[in-house]
Structure formats: structure tokens, C-alpha cells
Amino acid sequence: MDDLFAPSHLIIIAIIALLVFGPGKLPELGAGLGKAIREFKASMSGITGAVDEVKTSVTTSVMSPPAEPQAQPAKPQAEEPRDTSTGPAA
């Protein structure tokens, strides 16, 4: 058995499938299998697209220069305490 998908093997598999499922059921099985494969490909392309999007965003954020810090409003300086005594200064 060098190759599992040799033409002679595929013919034998097709004959066995025809005997097991019958000629009426095979088109339904083929349609279901085709639909499953299409859905699988669509989901894989969606996942691949999401991964590519994440890679792009990570690469962009890593490779972009750092943002300049925003100017913060100046804090008012504390006033020096005043002498509130009413008497003459000594």
C-alpha cells in the first residue's frame, strides 16, 4: 500500500459507499459533505483574517514612534503662610 488515494483504492471506496448507502442517499451525503467543507473553509478564512488583523495592529503599535506626552495643566503653587497675628512684629 504505497498510496492510500490511488485510483484503484478510490474506486473500491466508491463501490463500497454505493453498496452501503445506496444510489438515492449518495447525492445527499455529497451535498452535505460539500456544505461542511465550504463552511470549514469560510470559518478558517475568518480566523486567518482575525489573526492577520491582530498581527497588523501589534506590529503597528510596536513599530510606531511613542506618542508625545500631553501637556498637563500647571498646578498652582502653594502660597506661603501669612502672619495673622495682630500684634507688632518683634
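Just so you know, all these numbers are worked out from the coordinates, no wet-lab data involved. Please read all numbers here as calculations on a predicted model, not as lab measurements. Virtual Cβ from ideal backbone geometry, glycine too; neighbours counted across all protein chains shown.
Please list, in order along region 22-35, the HN-Hα scalar couplings obtained from phi with the Karplus expression 6.51 cos²θ - 1.76 cosθ + 1.60 (θ = phi - 60°), rounded to whole Hz, x for Gly and Pro.
Residue by residue, region 22-35 yields x, x, x, 8, 4, x, 5, 5, x, 5, x, 5, x, 5 Hz.
How far is it, in nm, from the label point at Glu28 to the one at Asp52 when both lie 7 Å from their Cα along the line to the Cβ?
Going from the Glu28 label point to the Asp52 one covers 3.9 nm.
For region 7-63, go through all pairs of different Cα atoms, get the mean of 1/r, take its inverse, and jot down that Kirkwood value in Å. It would help to have the intermediate numbers written out before the result.
Working: mean 1/r = 0.0683 Å⁻¹.
Hydrodynamic radius (Kirkwood, Cα only) of region 7-63 equals 14.6 Å.
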